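The values are calculated or read from the model by the stated rules, or taken from the named source; none is laboratory data. Here the structure is a predicted model, which means the values were calculated and not measured. Cβ coordinates were reconstructed from backbone atoms using ideal geometry, including for glycine residues, and neighbour counts include every protein chain displayed. Each accessible area value is taken on the protein alone, full model and side chains, heavy atoms only, with ligands, DNA and RNA left out. Shrake-Rupley method; radii C 1.70, N 1.55, O 1.52, S 1.80 Å.
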Amino acid sequence: MPEQTAVETAIIVGAGKGLSAALARRLAREGFRIALVARDVDKLAPLVAETGARAYAADAQNPVAIEGVFAEVDKAFGPPDLVVFNAAMRYRGPVEVLDPADVMDAYAVGAFGGFLTAQAAARRMLARGKGSLFFTGATASVKAMPHSVPFAMAKFALRALAQGLARELGPRGIHVAHFILDGGIASSWATAGEPGPADKWLDPDAIADTYLAVHRQHRSAWTSELELRPWVEKF
């Protein structure tokens with residue numbers, strides 16, 4: 001595990017109340033300076049107050065907005081050590097009734113937004129020769145389901161982006177990793193009094209621990225892709 005000698009900066013794009021919030025809390029305990037990026041930053045007010053993070057409003061599919069956020073973080077905290085892309089749109093429906101404009105919007109946020117985030121991060125990390133760039137995937141990254149084609153299209157593309165960047169940026173000192181979250185996250189799916197074991201859902205705090213552990217990996221043994229699923233989830 002590499003020794004940490006300076007305060008680190010993390011940027012989470014597509015921040016919300018679930019995994020992103022758990023990750024922000026975990027990183028705050030590690031002393032990170034945290035930037036949270038979302039379309040609606042008002043929803044992040046409690047998390048900002050809790051973690052000391054800064055919130056930045058930006059649409060992940062807007063090149064000017066994303067580059068602008070990274071420039072602002074440069075001024076506030078310096079270049080990022082860890083960037084996590086979590087943005088996605090779960091637009092669903094039968095193929096014959098899907099709205100093409102909404103499909104394109106879902107793809108632009110979930111896939112093109114990943115590219116824009118990666119490009120802004122890479123420009124800064126390459127100048128230093130280090131950094132971690134993480135992408136949050138899902139079951140849909142490897143298995144497309146009926147009525148979920150727009151989500152799967154974006155997640156498949158995001159996985160391809162991560163694979164290509166791992167090969168391109170890894171030899172230049174940038175740790176790129178893709179996480180396949182194969183199961184529902186408790187903060188979104190669990191309901192009070194439901195049957196079955198309490199840990200049948202992915203625990204967002206446990207996921208956050210894993211992200212941090214991968215960020216801390218020695219570069220002689222980097223992970224490029226990791227599947228996380230609850231112990232009761234079928235493969």
query: Within region 84-109, how many residues turn out to be under 22 Å from residue 162 (Cβ atoms) and acidic (Asp, Glu)?
result: 1
- prompt: Of the residues 90, 128, which is modelled with pLDDT under 95 and not β-branched (Val, Ile, Thr)?
  reply: 90
message: Tally up the residues in region 160-177 that are in contact (Cβ under 8 Å) with a residue 60 or more places away in the chain and either crowded, with 18+ Cβ neighbours inside 10 Å or in a loop (DSSP other than H, G, I, E, B) (or both), please.
response: 1
- prompt: Does residue 58 fit the bill of being among the hydrophobic types (A, V, I, L, M, F, W, C) and open to solvent by 20 Å² or more (accessible area, probe 1.4 Å)?
  reply: no
- prompt: Taking the condition open to solvent by less than 30 Å² (accessible area, probe 1.4 Å), acidic (Asp, Glu), under 22 Å from residue 130 (Cβ atoms) and modelled with pLDDT of 95 or more, does residue 81 pass?
  reply: yes
message: Of everything in region 210-235, what is hydrophobic (A, V, I, L, M, F, W, C) and surrounded by 11 or more Cβ atoms within 10 Å (Cβ to Cβ)? Give them in sequence order.
response: 212, 213, 214, 222, 226, 228, 232
field: Residues (more than 18 Å from residue 45 (Cβ to Cβ), modelled with pLDDT of 95 or more and of a type outside the set (D, E, K, R)) located in region 2-12
entry: 9, 10, 11
- prompt: If you scan region 136-159, which residues turn out to be without any contact (Cβ under 8 Å) to a residue 60 or more places away in the chain and among the polar types (S, T, N, Q)?
  reply: 139, 141, 148
task: Check whether at least one residue in region 161-174 is within 20 Å of residue 27 (Cα to Cα) and either at pLDDT below 95 or of a type in the set (Ser, Thr, Tyr) (or both), and report yes or no.
output: no
message: Looking at 186, 140, can you tell me which residue is in contact with a Lys or Arg (Cβ under 6 Å, 6 or more places away or on another chain), closer than 27 Å to residue 93 by Cα, surrounded by 15 or more Cβ atoms within 10 Å (Cβ to Cβ) and of a type in the set (A, V, I, L, M, F, W, C)?
response: 140
message: Yes or no: region 100-107 includes at least one residue that is in contact with a Phe, Trp or Tyr (Cβ under 6 Å, 6 or more places away or on another chain) and surrounded by 19 or more Cβ atoms within 10 Å (Cβ to Cβ).
response: yes
